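What follows is one structure encoded as structure tokens, with my remarks underneath.
The values are calculated or read from the model by the stated rules, or taken from the named source; none is laboratory data. Bear in mind that the values here come from a model prediction, so they are computed numbers and not experimental data. With ideal geometry, Cβ positions are generated from the backbone for all residues, glycine too; neighbour counts draw on all protein chains shown.
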Amino acid sequence: MEKLVTRYEKSIETHNLARRYISGGVSSNFRYHTIPVPLCFVRGKDAYLWDTDGNRYIDFVLGNGPAILGHTPKPVLDAVRDTLDKGQAFTSVHPEELALAKRLTEIIPCAEEVRFDVSGTQANQIALRLARAHSKKDTIIKFEGQYHGWADNILVSVGPSLNEAGPYNTPTTVAHSRGQPKNVVENVLVQPFNDLAVISQTVSKQSEHIGAILVEPIACNTGVIEPAPGFLEGLRNLCDQYKIVLIFDEVITGFRASLGGAQQRYGVTPDLAVFAKACAAGFPISIVAGKREIMNGVTDGVIHGGTYNGLTSTVAACAATITTLAANNGALFKKMERQGTTLIDGINTLGRKHNLPLHAQGIGTIFTTVFTEKQPLTHYRDYKSSDEGLRLRFIEELQHRGVRTTSRGTWFMSSVLTDNDIHETLNTVDAALEALKQEIAKG
């Protein structure tokens, strides 16, 4: 422990001071989990972060996904700088906002029209409101373990313990936070991801109440679980049959699974979709995209507002991100897919080398690492039954050696990683697993 205190001495001092002025010492509950304290970072460049103690990290957190072009990407920063002398908030529309909206309708399959906001949480809220208004039904189906923002009405069954989750076929809707109203669970039905038979039965029995199905097309928050063959297609068919609005939460997968999101990658088009995180390479913008007949609800009684929606700087950042990712026929996506696949395969090989149940899965641009004999993960309960303690110890050992991943095991790839970074990361994984193996052997 003394060695750790020395390595993170200034971060510990900063955190102790921060707790006097910032509630909890950080500005989001999802930043608590770094060991020994939330680290204080002073600089980011390309694929790297430096903390206040001078430690350098290869960063696979990327602000929980936004920094797909790495830290301080020049094309994006140049585009933002060009807006600073022009003004930011006009409380109307501006030409660059219109140009971006048009471009998004060209690259996102479901996008006939779009609206801008500043966060995934808020964009999901307007998507749900539009869906309920269009379908004239209040109940929403969401999937166990999936996260759609911290708003009361959808922050349910995000991470329930297996004891409180209820039966597999009929999961209990579990509020996630103190302070949520008790009736928040009344308009949300929870279903297991990737089980078309279960949700088909649920919908057939309760279709008169179900206004929308909200789904992360890849379950990125708990295991980076891809949709089973035919699952998304099945949801699309159910929604068509029962006049239900299908919403893809692409807050993570937008501009990451492909430029057009998971809907482009898997060839299934929802009625509405929400994009955020990677859309502006670190600047705060979110996008609601969808069918014109549903989106036009905002002209017919559906209220959506936001002081900071469509700022010139964030619009410029999003447009520059699109240009960069689309260049050379999407060459950066191909690079990330190649390097990510190398990491996934290499990590799985190293797990076997050390005789540990380490499992990596996902797609090349985002994947997870867990410790489990149940491979691959296919739904939330597979992820939840994995060895959380061993996962967190592995993440600690990586961090101590200069590789940073999320506490839930998710690795976000950036376009600026070098092949040397991939080699260094695999060497670090090897060393971390050796340390864990020795620790386990000592009991």
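Numbers for the structure displayed
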quantity	calculated
Given (1) within 22 Å of residue 281 (Cα to Cα); (2) buried (at least 16 other Cβ atoms within 10 Å of the Cβ); (3) among the β-branched types (Val, Ile, Thr); (4) more than 23 Å from the chain's Cα centre (by Cα), number of the condition residue 68 does not satisfy	(4)
Selection count where residues are free of Cβ contacts under 8 Å to residues at least 60 places away in the same chain and either buried (at least 24 other Cβ atoms within 10 Å of the Cβ) or touching an Asp or Glu at 6+ places or on another chain (Cβ under 7 Å) (or both), scope the stretch 102-150	0
Conditions (1) in contact with a Leu (Cβ under 9 Å, 6 or more places away or on another chain); (2) in a helix (DSSP H, G or I); number of the one not met by residue 141	(2)
Flag if residue 246 is touching a Pro at 6+ places or on another chain (Cβ under 8 Å) and either surrounded by fewer than 24 Cβ atoms within 10 Å (Cβ to Cβ) or at pLDDT 95 or above (or both)	yes
Unique match (being over 25 Å from residue 321 (Cβ atoms), crowded, with 18+ Cβ neighbours inside 10 Å and not basic (Lys, Arg)) among 11, 23	11
Whichever residue in the stretch 364-375 is free of Cβ contacts under 8 Å to residues at least 60 places away in the same chain and not hydrophobic (A, V, I, L, M, F, W, C) and, among such residues, is nearest to residue 398 (Cα to Cα)	369
Hits in the stretch 92-101 - residues which are in contact (Cβ under 8 Å) with a residue 60 or more places away in the chain and part of a helix (DSSP H, G or I)	96, 97, 99, 100
Meets criteria (among the aliphatic types (A, V, I, L, M) and either outside any helix (DSSP H, G or I) or under 23 Å from residue 255 (Cα atoms) (or both)) for residue 133	no
Criterion violated by residue 145 - all others in (1) under 23 Å from residue 280 (Cβ atoms); (2) assigned by TED's automatic domain parsing to the domain that holds residue 189; (3) within 20 Å of the chain's Cα centre (by Cα) satisfied	(1)
Residue ranges of strands (runs of 3 or more DSSP E) in the stretch 24-91 with at least 1 members free of Cβ contacts under 8 Å to residues at least 12 places away in the same chain	41-45, 48-51
Residues satisfying the stated conditions in the stretch 309-330, i.e. surrounded by fewer than 16 Cβ atoms within 10 Å (Cβ to Cβ) and either under 20 Å from the mean Cα position of the chain (by Cα) or farther than 14 Å from residue 68 by Cβ (or both)	328, 329
In the stretch 166-200, the residues that are crowded, with 17+ Cβ neighbours inside 10 Å and free of Cβ contacts under 8 Å to residues at least 24 places away in the same chain	173, 174, 175
Number of the exception - residue 161 against (1) in a loop (DSSP other than H, G, I, E, B); (2) without any contact (Cβ under 8 Å) to a residue 40 or more places away in the chain; (3) of a type in the set (Ser, Thr, Tyr)	(2)
